[in-house]
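Working notes, beginning with the structure itself.
Laboratory data are not the source of any read-out in this text; all were calculated from the coordinates shown. No experiment lies behind these values; they were computed from the predicted model shown. Here the Cβ positions follow ideal geometry from the backbone for every residue, glycine too, while neighbour counts run over all protein chains shown.
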Amino acid sequence: MEKKNNNNSLKIVLFGPESTGKTELAQALAKHYQTSWVPEYARYYLENKFPEIINAESICAEEDILPIVSGQIALENAENQLNNNVVFLDTNPLETSVYVKYYFNKSYDWLEKIVSERHYDLYLLTDLSVAWQPDLLRDRPNDRENLFAIFKNELEIRNLPYKIITNIGEKRTNLAISIVDNFLLQKKM
C-alpha cells in the first residue's frame with residue numbers, strides 16, 4: 001500500500017553525505033519551480049545548542065536525535081500547510097537515521113517507525129562531485145565515498161525512488177531540473 005502525503009504536494013528530498021551541495025541545490029530548485037524548500041533543522045538546532053562549536057565529532061549526542069527529528073518534522077508539517085505543487089526538502093528523518101547508525105552504531109525503533117510512516121515522492125542522491133567544504137558541523141572529509149555508499153544502499157534496501165545528482169555548478173542544477181521535470185511529467189500522466 002502506497003503511503004500518501006497529507007496534502008497534494010510532491011515531496012522531493014535532497015539526500016546524501018555532508019557537504020554534497022544539498023542546501024544550495026534545494027534552494028536553486030525551489031527558485032526554479034517558484035516554490036519553497038524545507039531547510040535542515042539539525043544544523044539550526046546544533047548551531048543554537050553550541051554557539052561556539054569546537055569539535056563537530058562531539059557536538060551531536062544521542063539525546064539530540066529526538067529534538068532534531070521532531071524539529072525536522074515540524075518544519076515539514078508547516079510547509080505542508082502551504083499546499084505547493086512540489087516542495088524540496090534539504091533532508092528528512094531517513095537521513096537522520098543513516099547518521100544515527102553511522103555515528104552511534106544504533107537504530108531506534110521510534111525513528112524507524114517515523115521513517116516508515118513518512119512518504120516522500122523522490123530522492124535526489126547528491127554524489128561527491130562537489131568539493132568538501134569545511135565548517136564547524138562537518139567532520140568526515142575522508143569518509144565521503146563510504147558515506148555515499150551507505151546513503152545509496154539505504155535507498156535501495158528500502159526500495160525508494162531516487163536519482164543520482166552529479167556534476168557541479170550550473171550543470172548540476174540543470175541535471176536536477178531535468179530529472180525533476182521528467183518526474184513531474186510522469187506524475188501528470
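A few comments on the model shown:
- Net lengthening on full extension, N8/I59 (0.36 nm per residue, minus Cα-Cα): 14.7 nm
- Net lengthening on full extension, Y44/A78 (0.36 nm per residue, minus Cα-Cα): 10.6 nm
- Normalised by the number of residues in the chain, the mean separation of alpha-carbon contacts (under 8 Å, six or more apart) gives a relative contact order of 34 percent.
- The chain: angle of helix 144-157 to the longest principal axis, Cα-based, in degrees nearest 10: 50
- Amide H contacts of Y162 (H built 1.01 Å from N, under 5 Å, at least 5 apart or other chain): Y123
- Only Lys, Arg (+1) and Asp, Glu (-1) charged, at Cβ; the range 10-188 dipole about Cα centre in debye: 660
- A helix-only calculation puts the chain at -15500 deg cm²/dmol for mean residue ellipticity at 222 nm, using -39500 (n - 2.57) for each DSSP H run of at least four residues, averaged over all residues.
- Label selected from (1) 21.5, 68; (2) 18.2, 59; (3) 15.9, 51, the criterion being Rg and Dmax of the Cα atoms in Å as computed here: (3)
- For the chain, the number of Lys pairs separated by eight or more positions or lying on different chains, with C-alpha atoms closer than 18 Å, is 21.
- Within the chain, antiparallel bridges make up roughly 0 percent of the DSSP beta bridges whose residues both belong there.
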